[in-house]
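Following: one structure in structure tokens, then a few remarks.
Any read-out appearing in this document is the output of simple, stated calculations on the displayed coordinates, not a laboratory observation. These numbers were taken from a predicted model, which means no experiment stands behind them. Positions of Cβ are generated from backbone atoms using ideal geometry, with glycine treated the same way; all protein chains shown enter the neighbour counts.
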């Protein structure tokens, strides 16, 4: 926990551990309270593995009433609570505290209702993102937001971080695909926001809770809308002689009134690394490579793909390949999805950043990243969700070399600050957690942050729910913000990260 | 005059109506009101100010002078404007680039005065009422990328930005959307814009039955035809639509398809097969007439300058049929929008008792009700916006976190908020 201040540990809570364990065992089944070191070790970190902390205990409630009783008990006894879904978050959002009850929602893992008439699915929060689609795909429906970790990440966690995916430009992030949640507040209040209706009465609490990173309440049920699977999907794999050409192509596609389902750009370094790793057949001589995916009805897709081809040609593309089969299209993506592990081969460590920028600033931002790469003498590769402006630079370094680590951290922080400077955001889809907490002052001033803290205090006056996350404890700007991966080993090495 | 000297702007605080021209002036007005505990009514162009409860304030903050587009980047798909900017100005700018606000904000001017009044962008966000395309593209709140505003202490606050992907901190754009000026005075708003479709046509089915209409709408929304409008008008409204392409005589079940021209034709053809209707049972509205049809729907033209009361009921589509059957015992006229998710209900005679009864019916259908237009004398006795006791308590806490002295539109949404 290098230099990152966390909330003060309450010694009295630590010394009272046995009593707290026995009290919570009166609320939920004994075996659902984990207290032995070996049992709680798996909960010491999420996918930001550089940060680890054992909690006081782990509670695994099975019903909303149990969640409510635990929170009531903790609220009355001023015990901190850290909620946790699948633990795939990249920013330390569910990192335990020494004196906290780690509230694992792992037992809330059932789909409660599939409702085709109202085109929605009601699920418990620890159901994985992908299994929602799997529950409805036989009727040709799907759930649109597709974070790369969708195989393992939980739908409740998706709500907490407002997860995106590669198709956000056309289909939005979690917040745009969510109809309702059941939530328990820190004082034990059980409530519902939204339901099966579009929009809801009164203040939009559903919108406020989405992306609140577990600071305002614990999600116990989720209702998401499902969409009809597009009749046809086509992708183009395009190479460009310069980043500028690729950037201009993106702008012209949008200006032409086309909203593709996904547009991905990789720079030369990443294209080469990925191709070496996955033999994806990418144009390795190109300075930038782009995957453009279109979906919709057959007639629409075939008309638009022709227009995309002509826009790409107009912007000096060096190669263009349009998939002839589903397998070929999946191959285009398979390479892209292997981008992060491919970097793991190039260097002992890499840091993955998650900035958001205006699409038109891509060339400028990449130029700055190249300048910084030279300044710090560290190689970098870039992946970019060009459709929605989400940039993932991967800085390669060796963590065994302390100086290299320090330089990498500085480099990463400079990138994120530059994203904000050009009109973007600190985080597009990973969330703030503890990772970007100290950079919040780059995006917000004191009034902005104070207003957000006022909301927190309104619902959790003692600041017991997931404290120390998202908002800086001392409101000053530090220089941290990264995902640290050592030797290519992430917490979930099998999950694609893109 | 002493007042004015303390006040660092050119605004005369002794006036009842204050028309700030800068963000600092707005902030100073609110700060002054906060200090002196003076309640404020916030207005834009007053297109929707009759929605909500009546409440008494000493001062009115007229935002209409705080107007103008700040930044419009068609290629970045956003427009940023001062809150008092009229929607007409915004639409004109977007039109030049063949773009639009895809959520189709309703022109409530028709309803309240029979005259066009699209309102301001601030009002559109504050009320969060989206038009027919809602079920496909989302509501106003789904299109707001970021905002600046002044909370109840007079502090300038902001959230979000101009990029679509942004998960930095709480998403305050959402909680401000639909808060009817009770949390903060909006000053700047960045909204996502989208390209207009090159073509749109509307399939209108000759069918008098609401049950069948809801089935058609459900099938259309569940099909891969990707429709962007679905509405049912009972026969009583037929005369409101005098369109050459519309050969059907009675009730109208209409489904809109948008996209490239060739694709629109193919999708309509396919949709007709999917919902099992033949060419004798349908009219197809060509783009120009289709536009008129949906503009009328978006702006509630069938209720233009109505003297009756108007309710907006949102329900899960599976419940809409039963809901309407239960409501038929009252003196009502209705049409169904959002492909079965939304009912606009005109009700002739209404009393607090009748409204309570309707509210219960809507609640048992797991929907919610907003009173849009009602006889003024009834406003004090009824709920305009639905709420339960748990959410009221949470609402109270959130209100306090933004506006601790309850000076911004106090009581407009709920008594005590």
_Size of the stretch B:303-389 as Cα extents on the principal axes (Å, biggest first)_ = 35, 34, 21
*asked:* Given N residues in the stretch B:223-329, what is its alpha carbon radius of gyration divided by 2.2 N^0.38 Å?
replied: 1.17
*Shielding of B:191-202 by partners, i.e. mean partner chain Cβ atoms within 10 Å per residue?*
1
*Taking Rh as the Kirkwood radius computed over C-alpha pairs, what is the Stokes-Einstein D of chain A at 25 °C in a medium of viscosity 0.890 mPa s, expressed in µm² per second?*
105 µm²/s
*Per residue of A:448-461, what is the mean number of Cβ atoms on other protein chains within 10 angstrom of that residue's Cβ?*
5
*What is the average number of partner chain Cβ atoms found within 10 Å of a Cβ in B:59-72?*
0
_Using alpha-carbon coordinates, inclination of helix A:446-459 to the longest axis of chain A, degrees_ = 50 degrees
*Take the Cα atoms of chain B, find their three principal axes, and give me the spread along each one in whole Å, biggest first.*
76, 53, 37
*asked:* When only alpha-carbon atoms are used, what values of Rg and Dmax, in angstrom, describe the stretch A:1-59?
replied: 13.1, 38
*Could you pull the Cα extents of the stretch B:79-181 along its three principal axes, largest to smallest, in whole Å?*
40, 30, 26
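When you count, for each residue, the other Cβ atoms within 10 Å and take the mean per peptide, how do A:134-144, A:337-347 rank with the highest first? Walk me through the numbers before you get to the answer.
Numbers: A:134-144: 17.1, A:337-347: 21.4.
Descending packing order for the listed peptides: A:337-347, A:134-144.
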*Sort A:164-177, B:351-364, A:51-64 for me by packing, meaning the mean count of neighbouring Cβ atoms within 10 Å per residue, highest on top.*
A:164-177, A:51-64, B:351-364
*If one takes the longest principal axis of the Cα atoms in chain B, at what angle in degrees, from 0 to 90 and to the nearest 10, does the Cα axis of helix B:389-402 lie?*
50 degrees
*Bins of 5 Å from zero: percent of alpha-carbon pairs in the stretch A:86-192*: 2, 11, 20, 25, 20, 11, 6, 3, 1, 0
*Before rounding to the nearest 500, sum -39500 (n - 2.57) across all DSSP H runs of length at least 4 in the protein assembly as shown and divide by the residue total; then give [θ] at 222 nm in deg cm²/dmol.*
-9500 deg cm²/dmol
_Protection proxy ranking, peptides A:407-415, B:204-212, B:172-180, B:140-148, average beta carbon neighbours within 10 Å, highest first_ = B:172-180, B:140-148, A:407-415, B:204-212
*Against the longest alpha carbon principal axis of chain B, how many degrees, from 0 to 90 and to the nearest 10, is the axis of helix B:261-274 turned?*
60 degrees
*In Å³ and rounded to a whole number, note down the convex hull volume per residue for the Cα atoms of the stretch A:11-104.*
91 Å³
*Evaluate Rg over Rh across the stretch A:222-294, taking Cα atoms for both radii and Kirkwood's formula for Rh.*
1.08
*Taking N as the number of residues in the protein assembly as shown, what is its Cα Rg relative to 2.2 N^0.38 Å?*
0.93
